[in-house]
Ligand code: MLT
């Protein structure tokens, strides 16, 4: 009888592999976690909740969940989960820290190539009947400098991929040792030096009070006028108003943005610039990443609800 089974709530669209990996021992329910009232009603009596980034599992949601034992984030970032409230309520929080790192790194490279070769703008123009070869001339990546802010798992994968284009790689990361940087073939430097010397700047940091607005007016003023900036990590790492001003004043050459302060966002002022490429938080949206994330958190939920130790992924 299903009423005796622990209840697992899927609050966002997850790979079918998630349900398969959970197996038959759970009652699976679905809700739209982005809809606050649906979430608060649905979470009330479940044992576990599985989310991506659109569901805010905050103090209010945790307080509404009288039976909750596990919050599972099918992805890397935990900024939509109130870990402190969860810990106080005795609720375990698990994520899938390596599930989508390749996908995020590949999308970063996609943004960089799109900006350098103006692919989205040229595509839009041609489909509009305009054959404009000189208007959409671009730049090569070869021998240019990529500045990577945050040389963690994703930053390191981006470095390796951009080295394949013959780019020089600079990185700012106070937690990375010189030996690790040398192993990756990356030149560590301080942030100001990276901002001033890079042709393509890509940020791969978590969202914390310290990193919010890290790329703001001051940072843009230090960049080359020919520099491109990419954020596939977290909305808010780039100050969106400052980005608009930097683009308007020609302080930078363009930007690729996948994540936004408020999501969904469909009409921000900087979307109007032709040298801006935007995507709707697609870093982890590949079949492979979603399958890996779903299977990983399903296994963690199974172990946690069985009272077993959940290993670090
Ligand atoms: C992440 O933090 O891993 C991504 O935001 C995942 C997602 O898009 O669900």
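Summary value for the chain: 19 percent relative contact order, contacts being C-alpha pairs under 8 angstrom separated by 6+ residues. Our estimate of slack between residue 130 and residue 263, defined as 0.36 nm per intervening residue step minus the Cα-Cα distance, is 44.6 nm. The residues 297, 70, 310, when put in order of fewest to most other Cβ atoms within 10 Å, stand as 310, 70, 297. Would the chain count as rounded, prolate or oblate if I go by the C-alpha gyration tensor, calling it rounded below 1.5 in a/c and otherwise prolate when a/b exceeds b/c, oblate otherwise? It comes out prolate by the Cα gyration axes. Can you work out the base-10 log of I(q)/I(0) for region 111-259 at q = 0.15, 0.19 1/Å, using the Debye formula on its C-alpha atoms alone? Log10 I(q)/I(0), no solvent term: -0.75, -1.16.
If you plug the beta carbon distance of residue 20 and residue 309 into 1/(1 + (r/R0)^6) with R0 = 35 Å, you get a FRET efficiency near 0.90.
Residues 296, 37, arranged from fewest to most other Cβ atoms within 10 angstrom of their Cβ, appear as 37, 296. If R0 equals 41 Å, the separation of the Cβ atoms of residue 83 and residue 163 corresponds to a calculated FRET efficiency of about 0.70.
If a/c stays under 1.5 just call it rounded; otherwise compare a/b with b/c (prolate if a/b is bigger, oblate if not). Do that for region 1-66, with a ≥ b ≥ c from the square roots of the Cα gyration tensor eigenvalues.
oblate
GNM on the chain, alpha-carbon springs under 10 angstrom: the most fluctuating residue among 43, 295, 119 is 119. Each residue, residue 196 and residue 140, gets one label point 7 Å from its Cα in the Cβ direction; the gap between the two is 2.8 nm. Build a GNM of the chain with springs between Cα atoms under 10 Å apart, and of 19, 257, 278 the one that fluctuates most is 19. Spin-label model, residue 272 to residue 225: label points 7 Å out along the Cα-to-beta-carbon direction sit 2.2 nm apart.
Between rounded, prolate and oblate, where does region 187-248 land on the alpha carbon gyration tensor, with a ≥ b ≥ c its root eigenvalues, rounded for a/c under 1.5, else prolate if a/b exceeds b/c? The partial results should precede the final answer.
Values: a/c = 1.66, a/b = 1.11, b/c = 1.49.
It comes out oblate by the Cα gyration axes.
With a Förster radius of 51 Å applied to the C-beta separation of residue 183 and residue 38, the computed FRET efficiency comes to 0.60. For the pair residue 287 and residue 175, label points projected 7 Å from Cα toward Cβ lie 3.4 nm apart. When the Gaussian network model of the chain links Cα atoms closer than 10 Å, the mean-square fluctuations of 216, 77, 164 top out at 164.
For a footprinting-style exposure proxy, rank 111, 281 by other Cβ within 10 Å, fewest first. Can you show the working numbers first?
Details: 111 26, 281 20.
Ranked by crowding around the Cβ, least crowded first: 281, 111.
All of the numbers you see were taken from the coordinates with simple rules; none came from a lab. In this text the structure is predicted, and so the values were computed from the model without any measurement. Backbone-built Cβ (ideal geometry, glycine too); neighbour counts: all protein chains shown.
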